[in-house]
1. In vacuum, with every alpha carbon of segment 84-176 counted as one equal point scatterer, what does the Debye formula give for log10 I(q)/I(0) at q = 0.17, 0.23, 0.25 Å⁻¹? Two decimals, please.
2. Once both labels are modelled 7 Å past Cα along the beta-carbon direction, what's the Arg265-Glu469 spacing in nm?
3. Which whole-number value in Å² is the accessible area per residue of the chain, probe 1.4 Å?
4. Can you compute the FRET efficiency between Asp47 and Glu18 using 1/(1 + (r/R0)^6), with r the Cβ-Cβ distance and R0 = 25 Å? Round to the nearest 0.05.
5. Taking 0.36 nm per residue of sequence separation and subtracting the Cα-Cα distance, how much length would be gained by fully extending the chain between Ser127 and Arg245, in nm to one decimal?
6. Treating the beta-carbon of each Lys and Arg as +1 and of each Asp and Glu as -1, no other charges, what is the dipole magnitude of the chain about its Cα centre, to the nearest 20 debye?
7. Rounded, prolate or oblate: which fits segment 369-409, taking a ≥ b ≥ c as square roots of the Cα gyration tensor eigenvalues, rounded meaning a/c under 1.5, else prolate when a/b beats b/c?
8. Give, in whole angstrom and from largest to smallest, the semi-axes √(5λ) of the equivalent ellipsoid of the chain, with λ running over the eigenvalues of the Cα gyration tensor.
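The values are calculated or read from the model by the stated rules, or taken from the named source; none is laboratory data. Owing to the predicted nature of the structure, the values given are computational and were not obtained by experimental measurement. Here the Cβ is made from the backbone with ideal geometry for all residues, glycine too, and neighbour counts use every protein chain on show. Quick note on the areas: whole protein, heavy atoms, side chains included, nothing else; ligands and nucleic acids left out. Shrake-Rupley method; radii C 1.70, N 1.55, O 1.52, S 1.80 Å.
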Amino acid sequence: MHDLLIVNGLVVDGTGAEPVQADVAVSDGVITEIGQLAGQRARRTIDAEGQAVTPGFVDVHTHFDAQIAWDPQAESSCFHGVTTAVMGNCGFTLAPVRSGEESLVVKNLERAEDIAAEAMAEGIDWSWETFPQYLDFVDRTPKAINFAANVGHSALRTWAMGERAFEQGASDDDLAAMAAHVKASLEAGAVGFTTSLSVNHETADDLPVASRMADWREVERLVGVMGELRAGIFELAHHPDLRSRDPEKREAYITKMVTLAAATRVPFTYGMLAFSAAEHTWKPVVELLERINAAGGTAWGQVHTRQFGVLLSFETRLPFDRLPLWSELRARPLDEQLAALRDPATRKALIESAESGDFGRAIGAETRKPEWQWVYPLDTPLPPFRSIQQIAQERSQSPTEVFIDLAVAKNLKGFFIQAAANQDQGLVLDLMRHPYSIPTFSDSGAHVSQIMDSSLHTHLLGHWVRDQEAFTLSEAIKKITSIPARAWGFTDRGVLAEGQAADINVFDPATVSPAMPELLYDLPGGARRLRQKAHGFAATVVNGEVTVEAGEPNHTHSGRLLRGPLAGN
Ligand SMILES: [Zn+2]
């Protein structure tokens, strides 16, 4: 008798092969048979008539490192078919950390990733110091999906250097300590080493995060450890030189990346976004990908499936929040804000302030001065989205007035997308179609009150596959299952085949879609977060157990820590 039988579904196996009508049998967490199995006995049978049956999705860019301590479900990723999440990206991990210096490690990621410091203070028990100990914590923590973890440069540096990590280059001793810990981490099962050279990553007191103080010699040495061990992937957030308008700066940066990737043979991976379609913001990123692969190295670009930016609302944040007149308004309860905006004189003054104010400097996902052609009311979870500018032209009003009117019409409860990158959907599609690109990079676990990218996989399936017919279902599924699974070394996942781990999605291709986001105040310490569920999922199976059913969590904890190859599992 099988543990689980999924019958009558359209099996899209993750290899890119044509879908076939077949049944899938599971026992002991593993796929045991695929074929015509109707009538066979099973403890549980799911009738997948009219549904696609696919491998679970693999999201290789998340920041669940902290959230895993208080959310075994891994929301919102779990609702969107993600069964394996890789965390510890961009250099931000919670280990290694010296006892008593936890706040220094937290300093690296609270602003860069917008993870509420109060949630981390309440929700994390810091039962580890070394990275291997952190992996043991992840291993024993209940979890609904699988996790794999990278060791992060900012934590590593802070552990090795203390306060000096934010101020100085590393000494030879510092470097030796970091290199030895990268080795120990990989041997314990880390799947990679990650760093950030990006100006978007700052501490709450406007300092660069620790990894940004590293010189190139330090990066070479630490990536070199993975090369010597022939294990691990290198993920990074790029230095602005890659997107510089100065071709010499760009070339120098690309050359050193290509040289390191080719010399070490360590696979490289990084985000590929297009900023306002300006060529220097995305062409060099694609060029780097192609040149690494041409030079005998391996590189994977991580792409988003739509506009990349923040979600605005009166209940969370607005671009105007720091303007003097607005900050006074925004400190008041929502109903008072609504009353103020309905008062013609107050409204006029607020609009003037919004249109002429100084918005200061914003980094990363922080809100910035609105460019109204790239701000969209979120009335439906999938496009088409109309911009505020477009609506303003139709109504012969100013965009700020339209923004306020639309918000007031929903009693200030509505959301707006403010795109900071990937505004041009044609370019988004080109980047997704690149043979070395992977739709991933949800950043799930980070920016939980700012963005809703946990749904990028359901956006791909609902918008690009169904509505736009830009990919076949088989092509899209391959890109979010077997390709990332193989690239990150998850050899027993990512395809539906006998002997593979039973990570499986059952969903309706005709209805699959993100749901509308909702705002909750349920983080440890009461901090807020956005949650976004999905439509169309009958079941998500993790290691043979149904973990999400008809869109709701089953509160099962069949997820595992996936240790890298050197840990020998
Ligand atoms: Zn990241």
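1. Reported log10 I(q)/I(0), two decimals: -0.74, -1.31, -1.48.
2. Those two pseudo-labels are separated by 4.5 nm.
3. The answer is 36 Å² per residue.
4. Plugging the Cβ-Cβ distance into 1/(1 + (r/R0)^6) gives 0.65.
5. 37.9 nm
6. Dipole magnitude for the chain comes out near 580 debye.
7. Since a/c reaches 1.5 and a/b is larger than b/c, the shape of segment 369-409 is classed as prolate.
8. Output for the chain: semi-axes of 35, 31, 23 Å.
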